[in-house]
Each structure stands twice: as structure tokens, then as C-alpha cells.
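Following: one structure in C-alpha cells, then a few remarks.
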Amino acid sequence: ETGVTQTPRHLVMGMTNKKSLKCEQHLGHNAMYWYKQSAKKPLELMFVYSLEERVENNSVPSRFSPECPNSSHLFLHLHTLQPEDSALYLCASSQATGLAEAFFGQGTRLTVV
Amino acid sequence: EDQVTQSPEALRLQEGESSSLNCSYTVSGLRGLFWYRQDPGKGPEFLFTLYSAGEEKEKERLKATLTKKESFLHITAPKPEDSATYLCAVLANSGYALNFGKGTSLLVTP
């Protein structure tokens, strides 16, 4: 069982659809993150959670809505996305925010049509 | 504002041909500098953390070094399986999360 698991691995959705990405970590960490990775761009931090509390929202449009029900699970709810939102969405976890290295899941490849 | 610049953008080496990747950074108080390896279609895999100038870490054919302004990832006698994108990231004293560079895409040919 890998440390950070993301589902689904691939997702194709229409601009009017609603879908959710799921992330689960088995490392006993207290911090979880969503990053967006687009071609030719550095990883962009989207959201940071510490002990289920959101501590950073990096100017992300409201069509992306995160949820952290407990320290092991993180969701990203998607609605009315645009084609430019197509990217690899990566979840990560670390022992605490601002403290140590982060461990990443395999990502969800999202395509918006 | 924290900045991380990696060079070169892409590097092609022959098997056995050693080289170095560069990561220049500007940060208001460095908590740590991190190197990751990313294979196509996969999430980044953690390699090293460096905390202070002069520190070095090694793992197989890779060695990471840190100065006050930059870090190098030295690859000694690379093999084709070392082909990947190598990402550098910094964590500021005041930051919550890692701030990444664009990466260096490394291709090692037999």
C-alpha cells in the first residue's frame, strides 16, 4: 500500500459536470496539500490543510472546492471547470506544514472537454 | 517573493557521462531545499532535503549540495534509468508549503 493514494488516476469531464478527486494518506501526517501541474509550469500550490483546517488558499477560483474531513483524507470538488483547468492534480502530505518534506500521490490526470 | 530557477531546462547525456543540474533560489529565510524525481505521468518522488549551506547528501549516483544561493544535483556515471524530470523546491521559514521550480528534464541514452 503506497503512502499517498489518489483516485481516480484519470478523469474526463464536461464543463457542466461535477466531480470529486480523492486523496488518502497512510503516513500519519497532519498536513495535506493540493497542487496543480501544467505543462511547462512549476507545480502550483492550491490549498493547504493542517489538522483538517485550511491554512492557505492560493487564490484558487471557487470552481475548485477542497474538503478535509479528517487528517487522512482530502477531497477536491470540481464544478463548471474550463478547458484550461486540464492538468495533473497532485495531492501531498507532510508531518506538519512548514516543517518537512512532502510525499506525493501519483496524481489525477484531468481533462476538461 | 520566493523564486526557484532550475537550469538547464533539458539535458541529454550519454550513459556514463557525468553532469550537474542547477537550482538557484531566492527566499526570505530558508527552512529547507528539496530535490524530487518525477517520472512521466507519476507524482514526484522525494530524494533529498538540505538545510544549511555546505551540506551534502548522496544516494546511489546522485549527490546534492547547497550554498547560500543555489543547489546542485550531481549525477555521476548516469544510466538510462536515471532519465526523469528533477524538481527543486524551497521551504521558507514563513511558508506553509514547498515552492517548486519548473524542473530539468534529463534523458540518458545508452
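Structure above, values below:
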item: Top-ranked residue of the range B:19-35 - restricted to ones that are touching a residue at least 60 places away in the same chain (Cβ under 8 Å) and of a type in the set (Ser, Thr, Tyr), ranked as farthest from A:Ala87 (Cα to Cα); result: B:Ser28
item: Subset tally (residues that are free of Cβ contacts under 8 Å to residues at least 60 places away in the same chain and more than 7 Å from chain A (Cβ to nearest Cβ)) for the range B:76-106; result: 6
item: Residue within the range B:55-64 that is away from every other protein chain (no Cβ under 14 Å) and in contact with a His (Cβ under 8 Å, 6 or more places away or on another chain) present; result: yes
item: Test: residue in the range A:61-70 that is in contact with a Ser or Thr (Cβ under 8 Å, 6 or more places away or on another chain) and within 14 Å of chain B (Cβ to nearest Cβ); result: no
item: Qualifying positions in the range A:43-82 - out of contact with any His (no Cβ under 6 Å at 6 or more places or on another chain) and of a type in the set (Ser, Thr, Tyr); result: A:Tyr49, A:Ser50, A:Ser59, A:Ser62, A:Ser71, A:Ser72, A:Thr80
item: Count - residues of the range A:38-58 that are in contact (Cβ under 8 Å) with a residue 24 or more places away in the chain, within 9 Å of another protein chain (Cβ to nearest Cβ) and under 23 Å from B:Pro8 (Cα atoms); result: 1
item: Given (1) buried (at least 17 other Cβ atoms within 10 Å of the Cβ); (2) more than 14 Å from chain B (Cβ to nearest Cβ); (3) closer than 25 Å to B:Tyr36 by Cα, index of the condition A:Lys22 fails; result: (1)
item: Cross-chain or 6+ apart pairs with Cβ under 6 Å, the range A:87-113 first and at the interface with another protein chain (Cβ under 8 Å from one of its Cβ atoms), then of a type in the set (Ser, Thr, Tyr) and assigned to a loop (DSSP other than H, G, I, E, B); result: A:Thr97/B:Tyr96; A:Gly98/B:Tyr96
item: Test: residue in the range A:69-78 that is farther than 19 Å from B:Gly41 by Cβ, assigned to a loop (DSSP other than H, G, I, E, B) and not hydroxyl-bearing (Ser, Thr, Tyr); result: no
item: Which listed residue is surrounded by fewer than 15 Cβ atoms within 10 Å (Cβ to Cβ) and modelled with pLDDT of 95 or more, from B:Thr109, B:Thr49, B:Thr104, B:Thr85; result: B:Thr109
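Conditions tested, residue by residue: (1) closer than 23 Å to B:Gln14 by Cα; (2) over 13 Å from the mean Cα position of the chain (by Cα).
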| residue | (1), (2) |
| --- | --- |
| B:Pro40 | yes, yes |
| B:Glu45 | no, no |
| B:Tyr51 | no, yes |
| B:Lys57 | no, no |
| B:Arg61 | yes, yes |
| B:Ala64 | yes, no |
| B:Ile75 | yes, no |
| B:Glu81 | yes, yes |
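The values are calculated or read from the model by the stated rules, or taken from the named source; none is laboratory data. Quick caveat: nothing in here was measured; it's all calculated off a predicted structure. Note that each Cβ is placed from the backbone with ideal geometry, even for glycine, and that neighbours are counted across all protein chains shown.
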